[in-house]
Every structure is written in C-alpha cells, then in structure tokens.
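Let me begin by presenting the structure, written as structure tokens, before commenting on it.
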Amino acid sequence: MQQQFGDQVTIIGVPSLGQVDSMESFISDTGTSSVPHIPDLEGVLWDRFGVTEHRTYVLINDDGTRRTTGYGSLAAHVEDLIAG
C-alpha cells in the first residue's frame, strides 16, 4: 500500500488494545515497518474514530470527511478515496 499510494495518501497503522512487544512483532511479521505506527494502548484513538475491531480502515479525505470500513480490499478503498 505504501509503495502504491505513498505519494498520494498518508498511511498510518494504529495498533491497539495490546502490549507494545506484540504490536512490534505484528509489524515485523507483516512487513509493515515502512508505515508509521502509533500504538494506542488504551484505545483512545480507536474510540475517537469508532474502531471496534482489528482490520478496520478509517479513510480521511482532505476536507476531513471520513469513512470507516473493515471489509474488502484496502487498496480498492484508497483508490475510491483518491478518485472521489
């Protein structure tokens, strides 16, 4: 995702509701270390953006409008956001 859209969007991972060492292991295992991650240990960011489960995508447009989804391809959602 970062390689495909990095010049058009900012992608940030927000791991939450776990321990930092588990989050770091997940980042290492998934090869997503090139994406900035903000550990949300107490779920504050998740709560603010209405995230209730892992694999939820919050897409925020330039004008601040946002859409939350967890289904389908993240690439397709980003392409739709860029197009619209």
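For His54, His37, which order do you get if you count the other beta carbons within 10 Å of each Cβ and list the fewest first? Don't jump to the answer; show the numbers that get you there.
On the way: His54 12, His37 15.
With the sparsest Cβ surroundings first, the list reads His54, His37.
Starting with the fewest neighbours, write out Arg55, Arg67 ranked by other beta-carbon atoms found within 10 Å of each beta-carbon. Before the final figure, lay out the partial values.
On the way: Arg55 9, Arg67 13.
Ordered from fewest to most neighbouring Cβ atoms within 10 Å, Arg55, Arg67 come out as Arg55, Arg67.
Okay, helix-only estimate at 222 nm for the chain: each DSSP H run of n ≥ 4 adds -39500 (n - 2.57), divide by all residues, round to 500 deg cm²/dmol; what do you get? Could the numbers behind the result be given before it?
Numbers: 4 runs with 30 residues, N = 84.
Theoretical 222 nm ellipticity from helices: -9500 deg cm²/dmol.
Normalise the Cα radius of gyration of the chain by 2.2 N^0.38 Å (N = residues in it) and let me know the number.
Values: Rg = 13.0 Å, N = 84, 2.2 N^0.38 = 11.8 Å.
With N residues counted in the chain, Rg over 2.2 N^0.38 Å equals 1.10.
Readers should treat all values here as calculations from the given coordinates under stated rules, not as data from a laboratory. Everything quoted here is computed from the prediction, not taken from an experiment. All Cβ positions, glycine included, derive from the backbone under ideal geometry; neighbour counts span all protein chains shown.
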